[in-house]
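Shown next, in structure tokens, is the structure this report addresses.
Taken together, the values in this text are just the output of simple stated rules run on the coordinates, not laboratory data. Just so it is clear, the model here is predicted, and its values are computed rather than measured. As a convention, Cβ positions derive from the backbone with ideal geometry for all residues, glycine included, and neighbour counts pool all protein chains shown.
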């Protein structure tokens, strides 16, 4: 079962698409907060996004650009604004297909199914973790905050992904060293401290000050 995120402000169209896709065994999610599409995207972790151009607050081009900063998930534009310039602009911004309204629901489902097969027969979706506005792409090892991006080393990625998955909980230094021990390099107390300090500096360069807190005698925590 694939998860499909539908970003369409016309409830009739959105519900019609969702109903048709559900009949094919897919799980659908309708966007509810058009001012925070990216937050809903991260929460849903969809396999594909169906995105209208004309939306409240920000248009579909804006949200396509924001999604592309953190994910390579397939994006299909569905819009009545089907002028050639809009189609070209959508493709240049990273969209995978463009379906003009009005459309036949069976045609849309066929396009979505074909795109899903092409994408996920050969590759798994890349999970994106979100915490306090920070987006961690575990696929390419980058962290993004307010449009700024930093690349992480393998150890920094392991530390940050572990802390983000356990957000609100203290992760012991022992557990982090066990996770880093899976790599080829030897990890001791000092090595862990150096990696955490380097990670903190990268996060601070993005504007994420005090993102990782130290619990002395216990470990590290990313607070909710």
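Which value at 222 nm does the chain reach when only helices count, each DSSP H run of 4 or more adding -39,500 (n - 2.57), with the total divided by all residues and rounded to the nearest 500 deg cm²/dmol?
Numbers: 8 runs with 95 residues, N = 224.
Calculated from helices alone, the mean residue ellipticity at 222 nm is -13000 deg cm²/dmol.
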Inset, instruction - Just report the Cα centroid separation between region 93-165 and region 197-224, whole Å. - result: 25 Å
Inset, instruction - Going by C-beta contacts inside 10 Å, put 10, 52 in order with the fewest on the left. - result: 10, 52
Legend entry - Degrees separating the helix 154-165 axis from the principal Cα axis of the chain, which is the longest one: 70 degrees
Legend entry - Calculated FRET value between residue 201 and residue 36, using beta carbons and R₀ = 25 Å, to 0.05: 0.30
Legend entry - Inverse of mean 1/r across different Cα pairs in region 3-120, Kirkwood, Å: 14.0 Å
Legend entry - Extension gain from residue 99 to residue 142, taking 0.36 nm per residue of separation minus the Cα-Cα distance: 12.3 nm
Inset, instruction - Compute the length gained on full extension between residue 209 and residue 20: take 0.36 nm times their separation in residues and subtract their Cα-Cα distance, giving the result in nm to one decimal. - result: 63.5 nm
Legend entry - Computed over the chain: relative contact order in percent, which uses C-alpha pairs under 8 Å that are six or more apart: 13 percent
Inset, instruction - State, to one decimal in nm, how far the label point of residue 44 lies from the label point of residue 172, with both points 7 Å from Cα in the Cβ direction. - result: 4.0 nm
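What fraction of the DSSP beta bridges in the chain is antiparallel, stated in percent and rounded to the nearest 5? Don't skip to the answer; put the middle values down first.
Numbers: 16 of 31 bridges.
Of the beta bridges lying entirely in the chain, close to 50 percent run antiparallel.
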Inset, instruction - Determine, for each peptide in 191-199, 145-153, the mean count of other beta carbons within 10 angstrom over its residues, then list the peptides with the highest first. - result: 191-199, 145-153
Legend entry - Debye-sum result for region 128-221 in log10 I(q)/I(0), which assumes one identical scatterer on each alpha carbon, at q = 0.12, 0.19 Å⁻¹: -0.33, -0.86
Legend entry - Degrees, to the nearest 10: 60-70 long Cα axis against longest axis of the chain: 30 degrees
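Among 85, 135, 91, what is the fewest-to-most ranking by other Cβ atoms within 10 Å? Mind dumping the intermediate values first?
Values: 85 8, 135 22, 91 13.
Exposure proxy ranking, most exposed first: 85, 91, 135.
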Inset, instruction - Mind jotting down a quarter of the surface of the convex hull over the alpha carbons of the chain, in square nanometres, one decimal? - result: 13.5 nm²
Inset, instruction - Give the angle, between 0 and 90 degrees and rounded to the nearest 10, that separates the Cα long axis of helix 105-120 from the longest principal axis of the Cα atoms of the chain. - result: 30 degrees
Legend entry - Length gained when the stretch residue 181-residue 162 is fully extended (0.36 nm per residue, less Cα-Cα span): 5.5 nm
